[in-house]
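The values are calculated or read from the model by the stated rules, or taken from the named source; none is laboratory data. Owing to the predicted nature of the structure, the values given are computational and were not obtained by experimental measurement. Because the Cβ atoms are built from the backbone with ideal geometry, glycine has one as well, and the counts that use them run over all protein chains shown.
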Amino acid sequence: MLEMLCDESLTDVVAVVDHNSDAPGIVQAKAMGIPIYTDVEKALIANAPCVAFNLTNNEMVEEIAYGVLGAGGVIGGLEARLLWRMVTDLKDAKKDLEYQATHDALTGLYNRRYVMDQLHRELSQAIRYGFECSLVLIDLDHFKRVNDTYGHTVGDLVLKQVSSELQKNVRTADVLGRWGGEEFIVLLPHTNEVDARAATQQWLDRVQKVPVTLANGEVLEISFSAGVVGLRVKDGGSVQQYIEALLEKVDRYLYEAKDCGRACVVGGSNE
């Protein structure tokens, strides 16, 4: 709640009070640079005029606040609890909206928009400081056949299982997202294309070892084709131009993998 109040332009948090100097609110306020007090009266006198927000359910605190600020200067009791609930609900709603704006609803992976933002950020750093960076584009093999044969419910199950396996095997620093349909994309910072190709082959091996088991006991073997490309910085060119070139090249390698019979990786050491 403290963070949300601080973010609100209509309010200015001038102090936090708690008799326990180790209370979570005190610790958080200290970290945020907000003045802290353990004595209510001293805090009110030092910061008046202000509005006191009493979450303690302690009537004595309200009496002290009334004495310093007057009746209109205190929010407590039922009003405080209702306001607390409203702020908490708003905070949860804000988190949900932020999540929905950056994640794919089905798989829980980052969405295309977020990946593009991260791609721009990472490539800007890589180009400026000479870091290596690679991009992998993945497409599930024969996915249309799965949807046509078993329906979209099974197709969704396949997407979620592959997403889960990829999440388990990428690094924390990697950016894994659903690119669209049955396509996934992985941004690997500080990674050359040879290492990126080796990592992608490991992901493919893992996905192939974990087939999807349907409710009727039928087992679906899953594989993917992938293209891998590394950033090669040349003189001139904007970040956007580099992004467009990488996406065009990795997409071309992906389709070369499809033409090679699927279930393989093209790019990196085998260009």
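For the stretch 143-162, enumerate the residues that are small (Gly, Ala, Ser) and either part of a helix (DSSP H, G or I) or under 12 Å from Glu182 (Cα atoms) (or both).
Within the stretch 143-162, Gly155 is the sole residue that qualifies.
Hey, Leu106 hits all of (1) surrounded by 14 or more Cβ atoms within 10 Å (Cβ to Cβ); (2) not assigned by TED's automatic domain parsing to the domain that holds Glu256 but one; which does it fall short on?
(1)
Could we say that Gly230 is under 18 Å from Ile127 (Cα atoms) and at pLDDT 95 or above here?
Answer is yes for this residue.
Restricting to strands (runs of 3 or more DSSP E) lying wholly in the stretch 176-271: which have 3 or more residues that are small (Gly, Ala, Ser) and under 26 Å from the mean Cα position of the chain (by Cα)?
Of the strands (runs of 3 or more DSSP E) lying wholly inside the stretch 176-271, those with at least 3 residues that are small (Gly, Ala, Ser) and under 26 Å from the mean Cα position of the chain (by Cα) span 224-230.
If only one of Ala257, Ala263 is small (Gly, Ala, Ser) and touching a helix residue (DSSP H, G or I) at 6+ places or on another chain (Cβ under 8 Å), which one is it?
Checking each option against the conditions leaves just Ala263.
Please work out if Asp251 is in contact (Cβ under 8 Å) with a residue 40 or more places away in the chain, of a type in the set (D, E, K, R) and surrounded by fewer than 18 Cβ atoms within 10 Å (Cβ to Cβ).
In short, yes.
Taking Leu82 as the residue in question, decide whether it is more than 30 Å from Gln167 (Cβ to Cβ), within 33 Å of the chain's Cα centre (by Cα), loosely packed, with under 15 Cβ neighbours inside 10 Å and not acidic (Asp, Glu).
When the stated conditions are applied, Leu82 passes them.
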